[in-house]
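Just so it is clear, none of the values below were taken in a lab; they were calculated from the coordinates. What you see is a predicted model, and the numbers here were worked out from it, not measured in a lab. Cβ coordinates were reconstructed from backbone atoms using ideal geometry, including for glycine residues, and neighbour counts include every protein chain displayed.
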Ligand SMILES: [Zn+2]
């Protein structure tokens, strides 16, 4: 929530509370309320993701607000309390709990996949990650990034960071590359991976490519250590998260740029996901080696559509989880 106050021409003050992620019950617009010592009290949907409460009063600052259960409580000067109860606020309460760590793949000395002169995985995925951060923030989530600019981060540090932040979700963002020129014309589409021992050939290839930066630390991931970090529940949850994100990315992109190929949600052995104590997925946002898709990945609006899909997928997963 954000709070600020503004002086009013008639000598009173406007106290504004912006509550992110909250929505008014269906069919309700601006509502007015009257209280003793308060000139006006208004609640309105300021934007799809922002509920605004405005209190106009000549009283001293009303900035001692707090959450109490599912209520936003604003103590008034004469001992009375104005509160907005129930459904309206429940949305925020739930969202406030969730922390999401976004991991833009590669960075610094590690370019990731490159193609055609200007197509650079580390730059593309950072741009998408930043757009995703804004969208998730606007939805009311707490968001951290493993890197916010162009520097190198070791793979184990990325999930370590998410664990330290007690993240509820870890999202690693990448772009794929075909193994050779002939396949560059064919390979395209979205792929979403979660960590699990079973894997297909395509999944193995993608994992080998993304893991290559850590070859010199291979013993960090001895098979036993890796398996001991996995548990059935985490695999199932990561898979569910992957399905929701994959679905929403496809609908977001299809609305904008026609058919996008769905590579599906697959288990794989990505080292960057090892050690995550929360549901975690790695998204290959497309093939930078594909003549058309590679070009699209550089387009800022296309990147926004990708970010929108990812954010909506996360939202859907978390909503289903709450039920
Ligand atoms: Zn990558």
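General remarks:
- Cα gyration tensor shape of region 244-320, rounded if a/c is under 1.5, else prolate or oblate by comparing a/b with b/c: oblate
- Förster radius 25 Å - calculated FRET efficiency between residue 151 and residue 232, Cβ distance, rounded to 0.05: 0.10
- Exposure proxy order (Cβ contacts within 10 Å, fewest to most) of 139, 145: 145, 139
- Among 106, 239, 174, 259, a tally of other beta-carbon atoms within 10 Å of each Cβ gives an order, fewest to most, of 259, 239, 106, 174.
- Considering only beta bridges that DSSP places wholly inside region 98-322, some 20 percent are antiparallel.
- Rounded Å value of the spacing that divides the Cα centres of region 96-141 and region 149-206: 12
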